[in-house]
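*Asks:* One structure, as C-alpha coordinates, below. Some questions next.
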Amino acid sequence: MAAPKPTSILVADDELSMREFLKVMLEKEGYAVATAADGRAVLDQVDSRRFDLVISDIRMPRMGGLDLLQHLKEMDPLLPVLMITAYASPEDAVSAMKNGAFDYITKPFRVEEIKKVIQAALAARTADALAPEPPKSFPGLIGQSPEMQKIFELVRKIAPTHANVAIYGES
(Lines give C-alpha, C1' and ligand atoms only; values in the text may rest on other atoms or scores of the structure.)
Protein backbone atom coordinates (compact mmCIF):
# COMPACT_ATOMS: atom_id res chain seq x y z
CA MET A 1 0.00 0.00 0.00
CA ALA A 2 1.43 3.37 -1.04
CA ALA A 3 1.98 6.06 1.56
CA PRO A 4 -0.34 9.05 1.26
CA LYS A 5 1.05 12.01 -0.65
CA PRO A 6 2.15 14.84 1.64
CA THR A 7 0.21 18.07 1.58
CA SER A 8 1.64 20.28 -1.16
CA ILE A 9 2.30 23.98 -0.58
CA LEU A 10 3.61 26.55 -3.06
CA VAL A 11 5.44 29.56 -1.60
CA ALA A 12 5.78 32.67 -3.79
CA ASP A 13 8.00 35.53 -2.64
CA ASP A 14 10.55 37.64 -4.47
CA GLU A 15 12.87 37.52 -1.44
CA LEU A 16 15.00 34.38 -1.57
CA SER A 17 15.51 34.44 2.20
CA MET A 18 11.75 34.39 2.86
CA ARG A 19 11.18 31.59 0.33
CA GLU A 20 13.91 29.51 1.90
CA PHE A 21 12.75 30.25 5.47
CA LEU A 22 9.18 29.16 4.71
CA LYS A 23 10.36 26.13 2.73
CA VAL A 24 12.54 24.85 5.59
CA MET A 25 9.88 25.58 8.23
CA LEU A 26 7.11 23.86 6.25
CA GLU A 27 9.22 20.85 5.28
CA LYS A 28 9.98 20.33 8.99
CA GLU A 29 6.20 20.17 9.48
CA GLY A 30 6.00 17.39 6.85
CA TYR A 31 4.69 19.37 3.89
CA ALA A 32 5.96 19.05 0.31
CA VAL A 33 7.05 22.58 -0.63
CA ALA A 34 7.73 24.24 -3.96
CA THR A 35 8.82 27.85 -4.37
CA ALA A 36 8.53 30.61 -6.95
CA ALA A 37 9.98 34.13 -7.20
CA ASP A 38 6.93 35.76 -8.81
CA GLY A 39 3.32 35.24 -9.83
CA ARG A 40 4.08 34.12 -13.38
CA ALA A 41 6.34 31.35 -12.06
CA VAL A 42 3.49 30.27 -9.76
CA LEU A 43 1.07 29.99 -12.68
CA ASP A 44 3.62 27.91 -14.60
CA GLN A 45 3.85 25.47 -11.68
CA VAL A 46 0.10 25.38 -11.02
CA ASP A 47 -0.47 24.46 -14.67
CA SER A 48 1.57 21.28 -14.24
CA ARG A 49 1.00 20.32 -10.59
CA ARG A 50 -1.78 20.37 -8.00
CA PHE A 51 -1.22 22.31 -4.76
CA ASP A 52 -3.24 22.25 -1.54
CA LEU A 53 -2.25 25.79 -0.52
CA VAL A 54 -0.47 28.80 -2.00
CA ILE A 55 1.33 31.34 0.17
CA SER A 56 2.04 34.50 -1.80
CA ASP A 57 3.75 37.80 -1.17
CA ILE A 58 1.75 40.78 -2.42
CA ARG A 59 4.60 42.77 -4.00
CA MET A 60 6.55 40.74 -6.54
CA PRO A 61 8.00 41.45 -10.00
CA ARG A 62 6.32 40.35 -13.26
CA MET A 63 3.02 39.60 -11.50
CA GLY A 64 2.08 40.74 -8.03
CA GLY A 65 0.22 38.71 -5.46
CA LEU A 66 -3.16 40.37 -5.91
CA ASP A 67 -3.18 39.64 -9.65
CA LEU A 68 -1.96 36.13 -8.92
CA LEU A 69 -4.78 35.65 -6.41
CA GLN A 70 -7.34 36.54 -9.05
CA HIS A 71 -5.85 34.06 -11.54
CA LEU A 72 -5.64 31.28 -8.95
CA LYS A 73 -9.25 31.76 -7.86
CA GLU A 74 -10.39 31.59 -11.49
CA MET A 75 -8.50 28.31 -11.88
CA ASP A 76 -9.64 26.78 -8.57
CA PRO A 77 -12.09 28.76 -6.41
CA LEU A 78 -11.51 26.41 -3.46
CA LEU A 79 -7.71 26.71 -3.42
CA PRO A 80 -6.73 28.50 -0.20
CA VAL A 81 -4.35 31.39 -0.84
CA LEU A 82 -2.58 33.03 2.08
CA MET A 83 -1.30 36.54 1.36
CA ILE A 84 1.81 37.87 3.16
CA THR A 85 3.37 41.30 2.90
CA ALA A 86 5.95 43.60 4.41
CA TYR A 87 4.01 46.58 3.03
CA ALA A 88 0.65 46.26 4.74
CA SER A 89 -2.11 48.58 3.63
CA PRO A 90 -5.82 48.54 4.39
CA GLU A 91 -6.57 48.72 0.66
CA ASP A 92 -4.48 45.62 -0.11
CA ALA A 93 -5.99 43.74 2.83
CA VAL A 94 -9.55 44.53 1.72
CA SER A 95 -8.75 43.69 -1.90
CA ALA A 96 -7.12 40.39 -0.95
CA MET A 97 -10.01 39.29 1.24
CA LYS A 98 -12.67 40.42 -1.26
CA ASN A 99 -10.92 38.41 -3.98
CA GLY A 100 -10.88 35.22 -1.94
CA ALA A 101 -7.65 35.20 0.07
CA PHE A 102 -7.90 32.87 3.03
CA ASP A 103 -5.99 35.36 5.20
CA TYR A 104 -3.65 38.34 5.06
CA ILE A 105 -0.56 38.37 7.29
CA THR A 106 2.02 41.11 7.65
CA LYS A 107 5.75 40.47 7.83
CA PRO A 108 7.46 39.94 10.11
CA PHE A 109 5.13 37.30 11.47
CA ARG A 110 5.46 34.86 14.32
CA VAL A 111 6.14 31.28 13.21
CA GLU A 112 3.36 29.92 15.42
CA GLU A 113 0.92 32.44 13.93
CA ILE A 114 1.55 31.39 10.34
CA LYS A 115 1.50 27.70 11.27
CA LYS A 116 -1.98 28.11 12.79
CA VAL A 117 -3.25 29.97 9.71
CA ILE A 118 -1.80 27.30 7.41
CA GLN A 119 -3.46 24.53 9.43
CA ALA A 120 -6.79 26.39 9.32
CA ALA A 121 -6.51 26.94 5.56
CA LEU A 122 -5.74 23.27 4.92
CA ALA A 123 -8.59 22.19 7.22
CA ALA A 124 -10.95 24.46 5.29
CA ARG A 125 -9.73 22.93 2.01
CA THR A 126 -10.41 19.45 3.38
CA ALA A 127 -13.87 20.48 4.58
CA ASP A 128 -14.62 21.98 1.16
CA ALA A 129 -13.51 18.78 -0.55
CA LEU A 130 -15.81 16.73 1.68
CA ALA A 131 -18.79 19.07 1.21
CA PRO A 132 -21.65 17.77 -0.91
CA GLU A 133 -21.60 18.61 -4.59
CA PRO A 134 -23.41 21.90 -5.20
CA PRO A 135 -26.68 21.59 -7.09
CA LYS A 136 -26.56 21.83 -10.88
CA SER A 137 -29.88 23.66 -10.95
CA PHE A 138 -31.61 25.88 -8.45
CA PRO A 139 -35.31 25.11 -7.93
CA GLY A 140 -37.24 28.32 -7.56
CA LEU A 141 -34.62 30.41 -9.32
CA ILE A 142 -35.23 31.08 -12.96
CA GLY A 143 -33.45 33.05 -15.63
CA GLN A 144 -31.65 32.58 -18.91
CA SER A 145 -29.96 35.96 -19.25
CA PRO A 146 -26.17 36.19 -19.14
CA GLU A 147 -26.50 38.12 -15.87
CA MET A 148 -28.51 35.29 -14.25
CA GLN A 149 -26.04 32.72 -15.56
CA LYS A 150 -23.28 34.67 -13.77
CA ILE A 151 -25.36 34.57 -10.57
CA PHE A 152 -25.87 30.80 -10.92
CA GLU A 153 -22.13 30.31 -11.44
CA LEU A 154 -21.39 32.42 -8.36
CA VAL A 155 -23.88 30.36 -6.32
CA ARG A 156 -22.19 27.15 -7.52
CA LYS A 157 -18.81 28.47 -6.35
CA ILE A 158 -20.06 29.66 -2.99
CA ALA A 159 -22.43 26.76 -2.20
CA PRO A 160 -19.74 24.43 -0.79
CA THR A 161 -18.53 27.09 1.66
CA HIS A 162 -20.01 28.21 4.95
CA ALA A 163 -20.28 31.84 3.82
CA ASN A 164 -23.51 33.81 4.16
CA VAL A 165 -24.46 35.56 0.95
CA ALA A 166 -27.30 37.89 0.04
CA ILE A 167 -28.23 38.24 -3.62
CA TYR A 168 -30.35 41.26 -4.40
CA GLY A 169 -31.47 43.23 -7.40
CA GLU A 170 -34.45 43.79 -9.60
CA SER A 171 -36.97 40.99 -9.82
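The values are calculated or read from the model by the stated rules, or taken from the named source; none is laboratory data. No experiment lies behind these values; they were computed from the predicted model shown. Here the Cβ positions follow ideal geometry from the backbone for every residue, glycine too, while neighbour counts run over all protein chains shown. Calculation scope for accessible area: heavy atoms of the full protein, side chains included, ligands and nucleic acids excluded. Shrake-Rupley method; radii C 1.70, N 1.55, O 1.52, S 1.80 Å.
*Asks:* Of all residues in region 9-27, which are open to solvent by 10 Å² or more (accessible area, probe 1.4 Å), touching a residue at least 24 places away in the same chain (Cβ under 8 Å) and under 16 Å from Asp44 (Cβ atoms)?
*Replies:* Scanning region 9-27 gives a single hit, Asp14.
*Asks:* A further question follows. Test each condition in (1) among the hydrophobic types (A, V, I, L, M, F, W, C); (2) closer than 29 Å to Ala32 by Cα; (3) at pLDDT 70 or above; (4) exposed (fewer than 13 other Cβ atoms within 10 Å of the Cβ) for Leu130 and report the one that comes out false.
*Replies:* (3)
*Asks:* Next question. For region 28-49, name all the residues that are within 23 Å of Thr106 (Cα to Cα), assigned to a helix (DSSP H, G or I), open to solvent by 20 Å² or more (accessible area, probe 1.4 Å) and not aliphatic (A, V, I, L, M).
*Replies:* Within region 28-49, Lys28, Arg40 meet the criteria.
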